[in-house]
1. Taking a virtual spin label 7 Å from the Cα of Asp137 along the C-beta vector, which residues in the stretch 1-19 bring their backbone nitrogen under 12 Å of it?
2. Relative contact order of the stretch 2-180, please, whole-number percent, based on alpha carbon pairs below 8 angstrom and at least 6 residues apart.
3. Please give the net charge around Leu53, taking every other residue with its beta carbon less than 12 angstrom from that of Leu53, where Lys and Arg add +1 and Asp and Glu add -1.
4. Charges only on Cβ, +1 for Lys and Arg, -1 for Asp and Glu: so what's the dipole of the stretch 118-183 about the Cα centre, in debye to the nearest 20?
5. Highest GNM mean-square fluctuation, the chain, Cα pairs closer than 10 Å: which of Ser30, Ser11, Ser51?
6. List the extent of the Cα atoms of the stretch 45-188 along each of their three principal axes, largest first, rounded to whole Å.
7. Is it possible to state the helix-based mean residue ellipticity at 222 nm for the chain, with each DSSP H run of 4+ residues giving -39500 (n - 2.57), the sum divided by total residues, to the nearest 500 deg cm²/dmol? What is it?
8. May I ask for the net charge around Glu117, where only other residues with Cβ less than 13 Å from the Cβ of Glu117 are counted and Lys, Arg are +1 while Asp, Glu are -1?
Amino acid sequence: MNLVFIGPPGSGKGTQAARLTASLGIAHISTGDMLRGAVAAGTPVGVQARSFLDQGALVPDQVIAALVEERVQAADCTDGFLLDGFPRTLPQADLLDGALERLAQELDIVVLLEVPEDELLRRLTSRGEGRSDDSPDVIRRRLAVYRQQTAPLAELYAERGNLRPVDGMGAMDDVADRVRAAVGGPGS
Ligand code: AMP
């Protein structure tokens, strides 16, 4: 099963993606984690991506799409994968379509984790991970980028019929149950 997770910063997307992939036995591909890893390792992609991450801006579509296309061909993706944080723009959705077509793969379900913006702000300003992009200015920027560039993807996938909106409010376990039910996985 091949899945995409869409959700604003602070929606709990990463946590829920990790839980779901563990229970489904598919690969969890977080583009944010990949980029942070590349920055930490000082790879050419990391050097290119660093200032975008620090400013809460998106790295160029082609850069991230090439990383994802390579990543989904790894051995751990044989039974499927969950893309957490990609696509994040309409052009990235096109690039994903192209990559999947080249690999003779399909996108099954797109989970949209929904959390109101005042709750996102509350969560992001109180989380203690110490991410370099969790300063108030950068948080505002990331939320604006989501609203302008990523939120339109919901319409695209709704038109295609594979969007599953999930209420991201409440206890983590309850959200996890709703996510599992949305993808029709074990225990739902
Ligand atoms: P995340 O951990 O998903 O919140 O991503 C953290 C940062 O990584 C974002 O603010 C962007 O700078 C970058 N990033 C992650 N995924 C993408 C993507 N699909 N396209 C462009 N930039 C991305």
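Computed from the coordinates by the stated procedures, all read-outs in this text should not be read as laboratory data. Source: prediction; values computed, not measured. For neighbour counting, all protein chains shown are included, and Cβ atoms are generated from backbone atoms with ideal geometry for every residue, glycine included.
1. none
2. 35
3. +1
4. 180
5. Ser51
6. 42, 40, 29
7. Helices in the chain give a 222 nm mean residue ellipticity of -16000 deg cm²/dmol.
8. Taking every other residue near Glu117 into account, the sum is +2.
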